Amino acid sequence: MRMVLELKEDKINELKVDEQAVGRAKKASKKKEAFSKAQFLSSEAYRDRRDLVMTLLEDERMYSKEEVERILDEFLNRRFD
């Protein structure tokens, strides 16, 4: 009985490690997702900022969501003297 319990605990620990690895892999894959300017223009999430997306992004380049947010934020928060 004790051996069975030890095996189950080992299996549970393996599953926990696997779940953590899957979580890290999902985060990494989300970071690597890249989209074209056309995809951002057609996205509902950027509906209110399509004019900025059209102007600030390059046609042939791929962007992550985080990168586009940073580009838009930098433009919107720039200072004028």
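Where a number appears in this text, it was derived from the coordinates with a stated rule and is not lab data. Predicted model only: the values in this text are computed from it and were never measured. Cβ coordinates were reconstructed from backbone atoms using ideal geometry, including for glycine residues, and neighbour counts include every protein chain displayed.
Would you pick out the residues in the range 55-81 that are over 20 Å from A34 (Cα atoms) and of a type in the set (S, T, N, Q)? Spell out the reasoning first.
Of the residues in the range 55-81, the ones over 20 Å from A34 (Cα atoms) are 75-81.
N77, the sole residue that qualifies.
When the range 52-81 is examined, which residues are found to be loosely packed, with under 10 Cβ neighbours inside 10 Å and of a type in the set (D, E)?
Result: E58, D59, E60, D81.
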